[in-house]
Protein chains: 2
Amino acid sequence: MARVKTVDRGTVIAPSEGRGDVRRSVGLREVAQAAGVSTATVSRAINNPDVVSADLRERIAVAVEQLGWVPDGAARALSTRRSQTIGAVFPALSIGDFAHATQAIQSELSQAGYTLLLACSEYDPDLELRQVRKFVERGVDGLILVGQAHHPELVPLLRRRDMPFVNTFVYDSQTHGTCVGPDNRKALMMMTDHLADLGHVRFGVIAQSTRNNDRASARLDGVRDALASRGLAVRPQHFAMGEWSIADGRRLLRSLWQTDPKPTAIICGNAHLAVGAVLEALAMGLRLPADLSIVGYDDIEIMSHLPVPVTTVRVPGAEIGRIAAQVLTARLEGRDCAVSFEAEAELVIRASSGPPPLD
Amino acid sequence: MARVKTVDRGTVIAPSEGRGDVRRSVGLREVAQAAGVSTATVSRAINNPDVVSADLRERIAVAVEQLGWVPDGAARALSTRRSQTIGAVFPALSIGDFAHATQAIQSELSQAGYTLLLACSEYDPDLELRQVRKFVERGVDGLILVGQAHHPELVPLLRRRDMPFVNTFVYDSQTHGTCVGPDNRKALMMMTDHLADLGHVRFGVIAQSTRNNDRASARLDGVRDALASRGLAVRPQHFAMGEWSIADGRRLLRSLWQTDPKPTAIICGNAHLAVGAVLEALAMGLRLPADLSIVGYDDIEIMSHLPVPVTTVRVPGAEIGRIAAQVLTARLEGRDCAVSFEAEAELVIRASSGPPPLD
DNA sequence: TTGTAGGCGTTATCAG
DNA sequence: CTGATAACGCCTACAA
């Protein structure tokens, strides 16, 4: 099959010139020509400078500067089969510590030479799957997810292309090496024990939906298990469900307070609910913790500044993000690295929790 | 932190196996072969289905499914010179409304078929420039930035490659079509007028640094100008500078309250400072607004829930993000679109502001 | 140390 | 409507 080889570009450019712009953007070729070297040398000067003589390196640097050349990531990615890109899918950014975690991930990745692609799943496994699939098409080198419970097709999809990923904000010893975070269940057992040790017996719970949220489920399990081991349980009427807003916290605290008997301690499933509950309790004239103990999960800044500082579980969101990024980049670069990580959830005891009223 | 060695998880990778893999990853070619058509047809079936006969379309769909083919974004980007990717550089994510805005941008872009690349500048123009440059190398189709004041090389860099971009959270009539946001100066003039109309004369200011932050500067200008037009001014000792924390707000409120004469109204440059100032004032036993008026900027959820709800300026962060994304994608697709947009900053008057004490 | 040349996986032009 | 094939811009053996 006699095929004419690629004609030297630039020799003849048809005036019609289809999609190519008139002023061809400068590329490696132009730089090479300007510096009087081959494209290979320019490429090396960029990616592996020490292997190029100082002389040429300098000439090339000048040419790059003059022409204002910027390497083309797509071409590089196509050639190396690496995009230097990591995708992260978070449920949302304005909830709990996710913003901090995202920031930490970005910063860490940036330092390691990676770029962060970000998407939100809105707690919808289907959407999460779609976002992940899009990331795969975009050619990300790895993924950071939240939680362990994903769409059934998600992990297979990743495994098939052996795409590295790490689940964050969860930890359980079952799943080796794929998660970075606190043991949500243990954290809430700890919190529940704290309250039970103070003498509480009637517990209320204000939690976000556990639908598509294994962290939330695990937290509830923690409360249940800790209570069960003492022969206690949360009465149905002392269980209230909201989402992630202060308004929900207020509303639900008010409704729990209308039960009889009332709980003496209320455990909130997230920081927003806890803040709302505390503010509503104060607005209702309750004395915390004399009349009621209220505790939360996640130590956002406001927690320690409310008129009654709130007892909570501190989860190091930024650190989790940082470590997730490190684990991932290490794995990508074949470096040895801790692949299993349990973040220490710390009980932060403040004024909102204390012994139950005597009555 | 429990460090565990990498455990081989199932996937055995032959030691030889370089990138010239035995099982070449499936590509357009393999799909074409399996479907008995040309690669061109497969490509068309994907990107322009209506131009392919239903028959072939079906056969191709089957082949794609069977082989589990996923198109390669890098190759596509290289070929089309479009990455379907937008870069956003925010100062931070955990400040003010940036998380909401980012989420809105992501959602909007996703719907339009774009992916979001995210980076943080930490209020450092050099870092911002570096992040932008990296995004340009990554081949983003457009950029979303915050503010108008950038590194001097930034805009030229973008102009040279005529890369579309939009500045967010700012608006001024000078710069046509490149910004989406509120007029920060006007917003604080409005706020200042509100207080002055109530009869305040001695104003205090608790603000974040204006260094590398044109929004913060504009806000201070607004306060100054509004006061100046009434022959008023902030006394030096009534001016305190912090950053974005509740703790700063508390500290600075306390220090302002030690001056003599004291201000009767304190304007805070951001929501975090305002929340801190209000909480500290309450902790000090001050009655708001009887003893002191305190106002903020940005209407984050907590503002309306504090024991004394806080008067503030509501900036529609999510909407700004959404519009920025729309403007950008419209421009990229040659669609006609409003290119200049001023977001309405709304004065939200709550209980923390009122007439000055009589004394 | 440097150059030559053959991909990387898609798209798009052009001819059937 | 379909097929063949030249780019897209860079990387990287392999050769010199």
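The values are calculated or read from the model by the stated rules, or taken from the named source; none is laboratory data. These numbers were taken from a predicted model, which means no experiment stands behind them. As a convention, Cβ positions derive from the backbone with ideal geometry for all residues, glycine included, and neighbour counts pool all protein chains shown. Just the protein is used for accessible areas: all its heavy atoms, side chains included, with ligands, DNA and RNA removed. Shrake-Rupley method; radii C 1.70, N 1.55, O 1.52, S 1.80 Å.
Quick notes on this structure:
- Any hit, the range B:195-210, residues being surrounded by fewer than 24 Cβ atoms within 10 Å (Cβ to Cβ), assigned to a helix (DSSP H, G or I) and in contact with a helix residue (DSSP H, G or I) (Cβ under 6 Å, 6 or more places away or on another chain): no
- Residues of the range A:85-129 that are more than 7 Å from chain B (Cβ to nearest Cβ) and assigned to a helix (DSSP H, G or I): A:Phe98, A:Ala101, A:Ala104, A:Ile105, A:Glu108, A:Leu109, A:Gln111, A:Pro125, A:Asp126, A:Leu127, A:Glu128, A:Leu129.
- Contact annotation: residue pairs with Cβ atoms under 8 Å, 6 or more positions apart or on different chains, pairing a residue in the range A:214-235 that is acidic (Asp, Glu) with a partner that is open to solvent by 70 Å² or more (accessible area, probe 1.4 Å), are A:Asp221/A:Arg185; A:Asp225/A:Arg185.
- The residues listed here are A:Glu319, A:Glu344, A:Glu333; of these, the one that is among the charged types (D, E, K, R), under 22 Å from A:Pro182 (Cβ atoms) and surrounded by fewer than 17 Cβ atoms within 10 Å (Cβ to Cβ) is A:Glu344.
- Filtering the range A:36-49 to residues that are assigned to a helix (DSSP H, G or I) and either within 18 Å of A:Gly68 (Cα to Cα) or near DNA strand C (Cβ under 7 Å from one of its atoms) (or both) leaves A:Thr39, A:Ala40, A:Thr41, A:Val42, A:Ser43, A:Arg44, A:Ala45, A:Ile46, A:Asn47.
- The number of residues in the range B:154-168 being assigned to a loop (DSSP other than H, G, I, E, B) and either open to solvent by less than 10 Å² (accessible area, probe 1.4 Å) or out of contact with any helix residue (DSSP H, G or I) (no Cβ under 6 Å at 6 or more places or on another chain) (or both) comes to 3.
- Members of the range A:45-81 that are more than 9 Å from DNA strand D (Cβ to nearest atom), over 14 Å from A:Ala35 (Cα atoms) and surrounded by 12 or more Cβ atoms within 10 Å (Cβ to Cβ): A:Pro49
- Residue in the range B:69-84 that is at negative phi, touching a residue at least 12 places away in the same chain (Cβ under 8 Å), touching a Ser or Thr at 6+ places or on another chain (Cβ under 7 Å) and more than 7 Å from every other protein chain (Cβ to nearest Cβ) present: no
- Only residues that are surrounded by 21 or more Cβ atoms within 10 Å (Cβ to Cβ), out of contact with any His (no Cβ under 6 Å at 6 or more places or on another chain) and over 16 Å from B:Val201 (Cα atoms) were counted across the range B:269-297, and they come to 15.
- Number of residues in the range A:325-355 that are charged (D, E, K, R), in contact with a Ser or Thr (Cβ under 7 Å, 6 or more places away or on another chain) and at pLDDT 95 or above: the value is 1.
- Number of the exception - A:Val70 against (1) in contact with a helix residue (DSSP H, G or I) (Cβ under 8 Å, 6 or more places away or on another chain); (2) at pLDDT 95 or above: (2)
- Residue within the range A:85-106 that is within 12 Å of DNA strand D (Cβ to nearest atom), over 30 Å from A:His272 (Cβ atoms) and modelled with pLDDT of 95 or more present: no
- A:Gln174 meets the stated requirement of being of a type outside the set (A, V, I, L, M) and within 14 Å of chain B (Cβ to nearest Cβ).
- Checking each residue in the range A:65-84 for being in a helix (DSSP H, G or I), within 16 Å of DNA strand C (Cβ to nearest atom) and not β-branched (Val, Ile, Thr) picks out A:Gly73, A:Ala74, A:Ala75, A:Arg76, A:Ala77, A:Leu78, A:Ser79.
- Residue under evaluation B:Ala283, criteria (1) within 23 Å of A:Glu301 (Cβ to Cβ); (2) touching a residue at least 60 places away in the same chain (Cβ under 8 Å), criterion not met: (2)
- Matching residues, the range A:108-145, being touching a residue at least 60 places away in the same chain (Cβ under 8 Å) and within 22 Å of B:Asp97 (Cα to Cα): A:Tyr123
- Strands (runs of 3 or more DSSP E) completely within the range B:225-313 that count 3 or more residues being farther than 19 Å from B:Pro355 by Cβ: B:239-242
- The range B:23-44, subset open to solvent by 50 Å² or more (accessible area, probe 1.4 Å), in contact (Cβ under 8 Å) with a residue 12 or more places away in the chain and not hydrophobic (A, V, I, L, M, F, W, C), residue nearest to B:Ser79 (Cα to Cα): B:Glu30
- Some residue of the range A:319-326 being in a strand (DSSP E or B), in contact (Cβ under 8 Å) with a residue 12 or more places away in the chain and more than 8 Å from chain B (Cβ to nearest Cβ): no
Table: residues versus (1) open to solvent by 30 Å² or more (accessible area, probe 1.4 Å); (2) under 22 Å from B:Ala343 (Cβ atoms).
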residue: B:Gln111; (1), (2): yes, yes
residue: B:Thr115; (1), (2): no, no
residue: B:Leu118; (1), (2): no, yes
residue: B:Leu129; (1), (2): no, no
residue: B:Gln148; (1), (2): yes, yes
